[in-house]
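Beneath this line is the structure, given in structure tokens, with notes to follow.
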Amino acid sequence: MNNSKDGLYEKLNTYSDGDMYPFHMPGHKRNMPRIKSAYDYDITEIDGFDNLHHARGILRESMDMAAGFYGTKKTYYLVNGSTCGLLSAISAVTEYGDKIIMARNCHKAVYNAVYLNNLKAAYVYPRPVEDTSILGGIHPKDVEKAIEENPDAKAVVITSPTYEGVVSYVQAIARVVHEKGMLLIVDEAHGAHFSMSGYFPKSALECGADIVIQSVHKTLPSLTQTALLHICGELIDEAKVERYLSIYQSSSPSYVLMSSIDNCVREIIRKGPLGFIDYEGMLTEFREKMNNLTQLKLLDKKILGKAGCYDLDMGKLVIQVKSITYTGQDLYNELLSKYHIQLEMAARDYVIAMTSLNDTKDGFDRLYEALFNIDRDIRIKEGYGQAEGLMHIKPLDEGAVSILEKPAVTCMDIREAINSKKEEVEFSSSSGRIAAEYVYLYPPGVPVIVPGQMIEKVVIDYLLDCKAKGLQVQGQEDDELMNIVVIKENWKEFSYGKNILPDGEKLIGEGYHV
Ligand SMILES: Cc1ncc(COP(=O)(O)O)c(C=O)c1O
């Protein structure tokens, strides 16, 4: 409970006056030319300012400008994040009850689209990157296999890049998907800066995807919640996408947010690739200096060609902790409390610092100095001679690497499971039960357990271990995940065909009961 007299506004004011450096989104890094107050720009659909849901004037011109720049058939400005873009894209390419093939490491917005449209989901699993606890890309061969096994699927949805910056071979995936008459949606939420210069990976826009969704707020200088949905090529029904965008977006889209996207796109067009040169220089210098450290190692392009990793976003600083006694969470906490550096996220044995072209040399220097000190302290504490520069590789634990890569046993579709008869049981003894809720590991907010999935012991052990290490593991009903909601005992034997529940109750509609 916050007992302070200050409201959120005062708290933000104090925070923005402080010395905390942001290695997290949004990509403007609170480092923008000073403008008037947001209240000065906050209007509604008054004369002369167009309407996002029926754009014919200044917003149409701005979105057409963006489409011209990105080389797309149509580009839409989004004010409810990539989340509404994913919901709209998936809804637009499927009918209620259809099947899609999706990467198991998709964001929860994709799972929510599956739920809302009662889709059957067939999963493609990312491959683990050897000697790390990081998931790699989606391999085109795995997509091909999933398509062979699910020829009735309408579309394939993948996340590229991942939160860690791993880019899949989208061109090859698009080829395989289109050969079979399916559509490809790429969640490029973390790649809005791709293709902006040769330093960054090629965007899925250039690789044959049919719909690409990008969060401009994550890696470009734009306000939180701003995103883009791009339609590429001729296979997508634009009217259907627009219908769903008007369902999943506010009917009062913020002009503050829309002007932020307009401003961001204009600036990027104006500056061109040269606008990224200073940023690239700072990244190169930082990455070179990090080679001096022994306990903290940056994920780099050595992973390419393995585990479905086709390219890597060098703007994502994934700092791996090789110590046995010091975790990713420890690193995150120490940077925050001692060095006033706020990172994007902590995993068990790595952290992510997000960068953008609005970062400063001072910011990169502060981060490097802090990491240098921490690296030295770990070495001293763990008894390694500084001069020797030995690196202790933490023994990899099976759960950490492969929890999302291991095909889970799916017993029910997501919507069916969520709408079933449920009960709550102790999480630690839920092995063998069928989940009726999601369990998320934050960040990146990817569900480790999905409704309808059999809960296996290895997953329980992994999540309890994450919890013990201070990571945020969250069930939907119980923030602490002491308990989990599962399908009521015997429900799994119930056959929908018979329309009778195990205890004789009557089924109403789809999985609802009295
Ligand atoms: C991979 C991925 N996709 C989609 C989203 C949702 O994006 P937004 O926050 O813009 O709605 C996120 C958010 O973190 C994400 O990491």
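The values are calculated or read from the model by the stated rules, or taken from the named source; none is laboratory data. Only a predicted model underlies this, so the values are computations on that prediction, with no experimental measurement involved. Here the Cβ is made from the backbone with ideal geometry for all residues, glycine too, and neighbour counts use every protein chain on show.
Considering only region 134-149, state which residues are crowded, with 24+ Cβ neighbours inside 10 Å and away from the ligand (no atom under 16 Å from the Cβ).
Correct list: Val143 only.
Name the pairs whose Cβ atoms lie under 6 Å apart, with the first residue in region 298-320 and of a type outside the set (S, T, N, Q) and part of a helix (DSSP H, G or I), the second at pLDDT 95 or above and surrounded by 24 or more Cβ atoms within 10 Å (Cβ to Cβ), and 6 or more positions between them or separate chains?
Ile303/Cys309
Do you know which residues across region 321-338 are touching a residue at least 60 places away in the same chain (Cβ under 8 Å) and assigned to a loop (DSSP other than H, G, I, E, B)?
Lys322, Ser323, Ile324, Thr327
Please determine, by comparing only the residues of region 94-106 that are in a loop (DSSP other than H, G, I, E, B) and within 15 Å of the ligand (Cβ to nearest atom), which one is nearest to Ile213 (Cα to Cα).
So the residue we want is Cys106.
Restricting to region 285-297, name every residue that is assigned to a loop (DSSP other than H, G, I, E, B) and touching an Asp or Glu at 6+ places or on another chain (Cβ under 6 Å).
Selection gives Leu293, Gln295.
Residue pairs, Cβ under 8 Å, 6 or more apart or interchain, first in region 192-211 and surrounded by fewer than 24 Cβ atoms within 10 Å (Cβ to Cβ), second of a type in the set (Lys, Arg). List them.
As it stands, the answer is Ser195/Lys202; Gly208/Arg175, since those pairs meet every condition given.
Taking the condition at pLDDT 90 or above, closer than 22 Å to Leu298 by Cα and either in the same structural domain as Tyr339 (by TED's automatic domain parsing) or not acidic (Asp, Glu) (or both), does Ile378 pass?
yes
When the residues of region 150-172 are filtered to those that are farther than 16 Å from Asp98 by Cβ and more than 16 Å from the ligand (Cβ to nearest atom), which remaining residue is nearest to the chain's Cα centre (by Cα)?
Tyr169
Show the residue pairs meeting these rules: Cβ distance below 7 Å; 6+ apart or different chains; first residue within region 355-381 and closer than 23 Å to Tyr326 by Cα; second residue assigned to a helix (DSSP H, G or I).
From residues that are closer than 23 Å to Tyr326 by Cα, the pairs are Phe364/Met282; Phe364/Phe286; Tyr368/Phe286; Tyr368/Lys289; Ala370/Leu335; Ile374/Leu331; Ile374/Glu334.
Please go through region 17-30 and give me each residue that is part of a loop (DSSP other than H, G, I, E, B) and in contact with a Gly (Cβ under 9 Å, 6 or more places away or on another chain), ordered by number.
Within region 17-30, just Lys29 meets the criteria.
Is at least one residue of region 76-93 more than 16 Å from the ligand (Cβ to nearest atom), within 15 Å of Arg243 (Cβ to Cβ) and either not in a helix (DSSP H, G or I) or not assigned by TED's automatic domain parsing to the domain that holds Ile269 (or both)?
No, that holds for no residue.
May I ask you to verify whether Thr14 is in a helix (DSSP H, G or I) and over 30 Å from Gly233 (Cα atoms)?
Against the criterion (in a helix (DSSP H, G or I) and over 30 Å from Gly233 (Cα atoms)), Thr14 qualifies.
Could you tell me which numbered condition Ile236 fails, if it satisfies all but one of (1) β-branched (Val, Ile, Thr); (2) within 14 Å of the ligand (Cβ to nearest atom); (3) assigned to a loop (DSSP other than H, G, I, E, B)?
Against the list (1) β-branched (Val, Ile, Thr); (2) within 14 Å of the ligand (Cβ to nearest atom); (3) assigned to a loop (DSSP other than H, G, I, E, B), Ile236 comes up short only on (2).
Hey, among Leu205, Leu223, Leu183, Leu228, which residue is more than 16 Å from the chain's Cα centre (by Cα) and within 13 Å of the ligand (Cβ to nearest atom)?
That would be Leu223, the only listed residue that is more than 16 Å from the chain's Cα centre (by Cα) and within 13 Å of the ligand (Cβ to nearest atom).
If we keep just the residues of region 78-122 that are basic (Lys, Arg) and modelled with pLDDT of 95 or more, which is nearest to Thr410 (Cα to Cα)?
Among residues in region 78-122 that are basic (Lys, Arg) and modelled with pLDDT of 95 or more, the one nearest to Thr410 (Cα to Cα) is Lys120.
Which of the residues spanning region 317-346 are surrounded by fewer than 22 Cβ atoms within 10 Å (Cβ to Cβ) and farther than 21 Å from Gly165 by Cα?
Answer for region 317-346, where residues must be surrounded by fewer than 22 Cβ atoms within 10 Å (Cβ to Cβ) and farther than 21 Å from Gly165 by Cα: Ile324, Thr325, Tyr326, Asp330, Asn333, Glu334, Leu336, Ser337, Lys338, Tyr339, His340.
Restricting region 276-317 to residues that are among the small types (Gly, Ala, Ser) and in contact with a Phe, Trp or Tyr (Cβ under 9 Å, 6 or more places away or on another chain), which is nearest to Lys218 (Cα to Cα)?
Within region 276-317, the match that is nearest to Lys218 (Cα to Cα) is Gly315.
Out of the strands (runs of 3 or more DSSP E) lying entirely within region 429-514, which hold 1 or more residues that are modelled with pLDDT of 50 or more, in contact with a Lys or Arg (Cβ under 6 Å, 6 or more places away or on another chain) and β-branched (Val, Ile, Thr)?
Per the criteria, 472-475, 483-487.
Among (1) in contact with a strand residue (DSSP E or B) (Cβ under 9 Å, 6 or more places away or on another chain); (2) within 16 Å of the ligand (Cβ to nearest atom); (3) farther than 25 Å from Ile35 by Cα; (4) not polar (S, T, N, Q), which single condition is Ile247 missing?
Condition (1) is where Ile247 drops out.
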